[in-house]
Amino acid sequence: MSLIGIGALPLITACATLPDTPTAQDIHHYELTLTLLPEQQAISGQLDIHLAHATSQLILDRGALDITAVETAGQALPFQMMDKQLQITLPAQPDAERVLTIRYRGQPKAGLYFLPDARQVYTAYSTSDWMPCVDAPQERASFTLHLVAPSDLTTTATGELIDQHAHTPGTTLTTWRQTQPKPSYLYGFAAGPFSEAQDRYQQVTLRYLGPPTMDRQALKQVFADTADMVAFFENKAGMPYPGQHYTQVLTHANAAQELDQIAMLNEKYGQRVLADPSKIWLGAHELAHQWWGNGLTNHAWTEMWLNEGLASFMTVAYLEHRFGRDLYLAYIEDLQESYETIRDQGQDKPLIFPDWRSPTLNDRALVYDKGAYLIHQLRGQLGEQAFWAGIKHYTQHHWGRAVHTGDFKRAMEAASGQDLGEFFNRWVYQAAPAKQGAAS
């Protein structure tokens, strides 16, 4: 297996097929009480949605969840479940905030995973499979989660821990609050009989969760480079880490997913790092997303290369910083080979896709590998000073926003003083550029 493939394949397969252009809904806050029912591999939820403006209809993505009731201010509302969407008809009222309450249940087959053998539960990517919401990445809202889980399980979730107390016999209710608006795919949690270790980077608490068989010393060894990664990405982004804690979870499944202030990883990753401390591609990649993907987000899934291509390049740049130029070039050569194999098969495509409804494995590889490789090419064209100034300008100027390819292009042009129209036409807007020489 290729160098990149060791870490990237779980990421590529984790990219769910999601709607590409859902309608904006003016939702500014979700508050969810979610009860885990591990024995049934099921959930039940009560969701309060805070709408900022009056609207006659609300359309949410719902996966396969069974909606049992919708109401506002004690008034039952008519609703329809059509395909994977929930359509709610709202009564007319003045242009003011309103709160909708949705009750539901389900046995998710994606998005939320029960692992009975390990007694773990975790979420990844498709939030609408466990909570009705708007999947579109350009839609941002704050989020409060009240999670009801068996009392003997350790939990973590997006946002800051607010409260934890005994609930019904044998369960604990834990409340997490995410105050900064984020796309819904970044919401999530994990629960399990995890072992735990902690460290600190300046004012940030670094929390490591792993299987009970892995002690604190081993966990700290797996994540020994996390603090250095944060410092590197802060420096290149020109933005501090956006939170007070960062949790890395080694799940029993093949997890590989960024959430807000959390990375869902897997036990095999931990074992690889213990055997070879340089095998940290996956951990660095998910952490890079806290800036490129979470801090600023592709406005639609059709431009996912802005998330994944840039995070993949920044991962390899970190490995250059940590282990030297030779390892960086080995990864770049691997990216080049991956991309050129697809190109030579006649499967190259522009990196702005017409839709993301049925992406192929090659489409997903282009988003990661071609995206990262073209950024390496841009680095060579602009030179170190202008290139890194452009990355910093792009990140700072668009922080907390949804971005388009044109935003990245203009930032790199502003930093370098170069017209990059030909470069972006060749690498982003068109397919099958001429074959490049060996990485240098």
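The values are calculated or read from the model by the stated rules, or taken from the named source; none is laboratory data. The shown structure was predicted, so the numbers you read here are calculated from the model rather than taken from an experiment. A quick note on method: Cβ atoms are made from the backbone with ideal geometry, for glycine too, and the neighbour counts reach across all protein chains shown.
In segment 293-307, is there at least one residue being on the phi > 0 side of the Ramachandran plot, small (Gly, Ala, Ser) and touching a helix residue (DSSP H, G or I) at 6+ places or on another chain (Cβ under 9 Å)? Yes: one or more hits.
Quick grid of which residues meet (1) under 19 Å from ASN235 (Cα atoms); (2) crowded, with 19+ Cβ neighbours inside 10 Å:
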site: PRO354; (1), (2): no, no
site: TYR368; (1), (2): no, yes
site: GLY371; (1), (2): no, yes
site: TRP388; (1), (2): yes, no
site: ILE391; (1), (2): yes, yes
site: LYS409; (1), (2): no, yes
site: PHE423; (1), (2): no, yes
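Considering only residues in segment 45-99 that are more than 30 Å from ALA124 (Cα to Cα) and in contact with a His (Cβ under 7 Å, 6 or more places away or on another chain), the one that is modelled with the lowest pLDDT turns out to be ASP95. Number of residues in segment 210-238 that are among the hydrophobic types (A, V, I, L, M, F, W, C) and within 13 Å of LEU265 (Cβ to Cβ): the value is 4. What do you reckon, is GLN248 without any contact (Cβ under 8 Å) to a residue 12 or more places away in the chain and in a strand (DSSP E or B)? It is false that GLN248 is without any contact (Cβ under 8 Å) to a residue 12 or more places away in the chain and in a strand (DSSP E or B). Scanning segment 182-202 for residues that are closer than 19 Å to GLN257 by Cα and not in a loop (DSSP other than H, G, I, E, B) yields LYS182, PRO183, SER184, TYR185, LEU186, PHE189, ALA190, ALA191, GLY192. Among the residues of segment 155-175, those that are within 29 Å of HIS28 (Cα to Cα) and more than 18 Å from the chain's Cα centre (by Cα) comprise THR155, LEU161, ILE162, ASP163, GLN164, HIS165, HIS167, THR172, LEU173, THR174, THR175. Please go through segment 252-265 and pick out each residue that is in contact (Cβ under 8 Å) with a residue 24 or more places away in the chain and either assigned by TED's automatic domain parsing to the domain that holds ALA141 or within 16 Å of the chain's Cα centre (by Cα) (or both). ASN254, ALA255, ALA256, GLN257, GLU258, LEU259, ASP260, GLN261, ILE262, ALA263, MET264 - these are the residues of segment 252-265 that are in contact (Cβ under 8 Å) with a residue 24 or more places away in the chain and either assigned by TED's automatic domain parsing to the domain that holds ALA141 or within 16 Å of the chain's Cα centre (by Cα) (or both).
Yes or no: segment 320-336 includes at least one residue that is more than 15 Å from the chain's Cα centre (by Cα), of a type in the set (Asp, Glu) and under 23 Å from GLN430 (Cα atoms). Yes: one or more hits. One residue stands out in segment 24-47 among those that are surrounded by fewer than 17 Cβ atoms within 10 Å (Cβ to Cβ) and acidic (Asp, Glu): the one that is farthest from GLU139 (Cα to Cα), namely GLU39.
Restricted to segment 50-159, the set of strands (runs of 3 or more DSSP E) holding at least 2 residues that are closer than 24 Å to HIS252 by Cβ and among the polar types (S, T, N, Q) comprises 120-123, 154-157. Kindly indicate whether THR395 is of a type in the set (Val, Ile, Thr), touching a strand residue (DSSP E or B) at 6+ places or on another chain (Cβ under 7 Å), on the phi < 0 side of the Ramachandran plot and at pLDDT 95 or above. The answer is yes for THR395.
Looking at THR171, THR156, just one residue is among the polar types (S, T, N, Q), closer than 13 Å to LEU36 by Cα and at pLDDT 95 or above, and that residue is THR171.
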